[in-house]
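Trainee: Could you have a look at this structure, given as structure tokens, before my questions?
The values are calculated or read from the model by the stated rules, or taken from the named source; none is laboratory data. All of these numbers come straight from a predicted model, not from anything done at the bench. Here Cβ is always computed from backbone atoms with ideal geometry, including for glycine, and neighbour counts include all displayed protein chains. What goes into the accessible areas is simple: the full protein's heavy atoms, side chains included, and nothing from ligands, DNA or RNA. Shrake-Rupley method; radii C 1.70, N 1.55, O 1.52, S 1.80 Å.
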Amino acid sequence: QRRDGDQNGLRLAGYNAISTMISHAGADCMPHMSTLLEAFATTLQQVLSSGLDTNCETACHIVGVLQVTSQRQRVQKAHADVLVALYVQVQQKYKEAQGNPAALCEEPLIALTPIITALQGEFEEFLPVLGPQLQEGLKYGDDVHVAKAVVRLVGEIARALGPRMGPHAAALLESLYSQLNDSDVDRELKPSIVEALGDIAMAIGGAFHSCLATVVQTLQAASMTQVSAGNPRDEDWVRYLNSLRSAVLLTYSCIIHALRDGKIVETFREHVNGVLDFVQRILAEKVYNAEVLESCCSVVGDLIVAFG
């Protein structure tokens, strides 16, 4: 913590260098990862307690180091308790610095991924604290990068928790609906939101039936976007449209699989024609790429297996 650390990006360069060394360290260094994790966790606590890091810049640099270290060595539950508590503190400090109670910092969100991967279903115990933050990030987040990180995190949590996601799904789904149906939300975010719906469906299986009607209605609205709504010669527009369509098709497949696992796939029968109509419209417009074509084939195959 040199006094000239803020000059010419010195501190940022220093933490980046540490992260690079940790990420490329050899196998013989692995026994020291726990020590490094504890040391930087202590440093982060000291920075948060000092009150000097008013804009959370240093805290975010340290979180970046902790993320890389967590990726190198499977996080133990004891370490996870400490890290999640610290990341929550960083978010609180960031909200205060921004003067916005709904603001979220991207680094602590990304740093949760290796913890989710390590703990799987045990990560559920952190949702009472993290859940409201994720909902705020989905509903009020103005930063597209942060919003994407939140949506990606929701999907990762759903995949990790599996059926244990059930009690937490409704509130997160409501926030996802809100973003997907908001015309002011950056369009690049919408395919990720749609895929998160599929992740939740696969996680909770047959229990997804309770929100099936609302989700299908949301997917149908997204699927109505046509190439004529933009410039067919605009590569960015066509790329976005294909990304959205692929996400919708993938989510339909996830829903079908989830309902089959729950032995209630018959509840999807009334939506079969809508899915097939969507596939036909995609093929008729002839702007699809290989990924969309594959997704079309997959969802049609899923319907054949489910309904014959």
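Trainee: Before rounding to the nearest 500, sum -39500 (n - 2.57) across all DSSP H runs of length at least 4 in the chain and divide by the residue total; then give [θ] at 222 nm in deg cm²/dmol.
Mentor: -23000 deg cm²/dmol
Trainee: Further question: Calculated FRET efficiency, Ile110 and Ser183, Cβ-Cβ r, R0 22 Å, to nearest 0.05?
Mentor: 0.20
Trainee: For the chain, what relative contact order do you get, as a whole percent, if you take Cα pairs closer than 8 Å and at least 6 residues apart?
Mentor: In percent, rounded to a whole number, it is 12.
Trainee: If you wrap a convex hull around the C-alpha atoms of the stretch 3-160 and split its volume per residue, what is the figure in Å³?
Mentor: Output value, Cα hull per residue: 118 Å³.
Trainee: Over all alpha-carbon pairs of the chain, lay out the pair-distance distribution in 20 Å bins, whole %, shortest bin first.
Mentor: Histogram of Cα-Cα distances, whole percents per bin: 30, 50, 19, 0.
Trainee: Still on this model: On the accessible surface of the chain, probed at 1.4 Å, how many percent belong to carbon and sulfur atoms?
Mentor: In the chain, the share of accessible area belonging to carbon and sulfur is 51 percent.
Trainee: Further question on the same structure: For a protection proxy built on the mean count of beta-carbon atoms within 10 angstrom, sort 112-125, 200-213 highest first, please.
Mentor: Taking the mean over residues of other Cβ atoms within 10 Å, the ranking is 200-213, 112-125.
Trainee: Could you tell me the calculated FRET efficiency between His32 and Thr117, based on Cβ-Cβ distance and R0 = 22 angstrom, to the nearest 0.05?
Mentor: 0.55
Trainee: What's the extension gain from Gln220 to Gln92 if we count 0.36 nm per residue and subtract their Cα-Cα distance?
Mentor: 42.3 nm
Trainee: So, counting K/R as plus one and D/E as minus one, what does the shell of residues with Cβ under 15 Å around Thr117 add up to?
Mentor: +1
Trainee: I'd like to check one number: the per residue accessible area of the chain, probe 1.4 Å, reported in Å² as a whole number.
Mentor: 49 Å²
Trainee: Could you calculate the FRET efficiency of Ala102 with Ala78 from 1/(1 + (r/R0)^6), where r is the beta carbon distance between them and R0 is 35 Å, rounded to 0.05?
Mentor: Efficiency for this residue pair is about 0.65.
Trainee: Hey, what's the Kirkwood Rh for the stretch 196-308 if you take every pair of different alpha carbons, in angstrom?
Mentor: That comes to 14.3 Å for the stretch 196-308.
Trainee: State the extension gain, in nm to one decimal, for the chain segment bounded by Leu12 and Ala213, taking 0.36 nm per residue of separation less the distance between their alpha-carbons.
Mentor: Full-extension gain reported as 67.5 nm.
Trainee: Let me ask another. Among the aspartates and glutamates, which fall within straight-line cross-link reach of Lys286, defined as a Cα-Cα distance under 15 Å, with same-chain neighbours fewer than 8 residues apart omitted?
Mentor: By straight Cα distance, Lys286 reaches Asp234, Glu235, Asp277, Glu294.
Trainee: Something else: Of the residues Thr54, Thr35, Thr267, which exhibits the maximal mean-square fluctuation in a Gaussian network model of the chain defined by a 10 Å Cα contact cut-off?
Mentor: In the Gaussian network model the winner is Thr35.
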